[in-house]
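Remarks on the structure that follows.
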């Protein structure tokens, strides 16, 4: 007679159960999240996919000028940068020299006047225009254009590049003549304050002329970085002209 092994009783059986995780534990949260994600995927994804036809294409919209409607362009439209104008390059190269003279003028302030308002204004002009010179040099370098050398007494800002003849510098709007610069160097106190303010107003007005000439040139000023820079420079120097005019009126 064949003897079969005894059937295991409940006491001998090993029952494997799903591990229980404490509420709020990291494993419990993960498990519930996975379960929830699985349900969400099964129930929602097919419905979402069914609502998006394969033929859908992105819509390209070109904003219109103020007062004009927008235009819907073909989906194959690709963005392109506007061509760089020679006037853009000339503006940046010329403005580097223009700003350099302004920084040279502000460098005289500490040793020529005790006027606190003028010292504060000079520090502001020096800081902003020095930073703008660095930006303009980076802009030119990124486009493979010649970079003008800074004025000789602007330590730390020299870069190899082109030199601008003094006669060309004299033709730039608002630039102080060598005679004006020499008179500024020799002046002290109230005389210096007056010469500085009148000279810097002349200088700032020249920069405004350069910005206007840029935007009046067909095809120029379309580069986004250059446009923002020129616009900001225009706004800043207009505000500083008003400040300097008020300082002159206060002294009269």
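Evaluating residue 155 against the criteria (1) at pLDDT 90 or above; (2) out of contact with any strand residue (DSSP E or B) (no Cβ under 7 Å at 6 or more places or on another chain) leaves one unmet condition, (1). The combined condition, being outside any loop (DSSP other than H, G, I, E, B), within 29 Å of residue 139 (Cβ to Cβ) and at pLDDT below 95, is not fulfilled by residue 91.
Residue pairs whose Cβ atoms lie under 6 Å apart, separated by 6 or more positions or on different chains, with the first residue in region 109-127 and surrounded by fewer than 14 Cβ atoms within 10 Å (Cβ to Cβ) and the second assigned to a loop (DSSP other than H, G, I, E, B) and at pLDDT 95 or above, do not occur.
For (1) surrounded by fewer than 19 Cβ atoms within 10 Å (Cβ to Cβ); (2) closer than 27 Å to residue 243 by Cβ; (3) modelled with pLDDT under 95, each residue gets a yes or a no:
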| site | (1), (2), (3) |
| --- | --- |
| 150 | no, yes, yes |
| 163 | yes, no, yes |
| 191 | yes, yes, no |
| 196 | no, yes, no |
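For region 182-199, a residue qualifies if it is touching a residue at least 60 places away in the same chain (Cβ under 8 Å) and part of a helix (DSSP H, G or I), and the qualifying residues are 184, 185, 189, 190, 192, 193, 196, 197, 199.
The values are calculated or read from the model by the stated rules, or taken from the named source; none is laboratory data. Computed from a predicted model, the values in this text were never measured in an experiment. Virtual Cβ from ideal backbone geometry, glycine too; neighbours counted across all protein chains shown.
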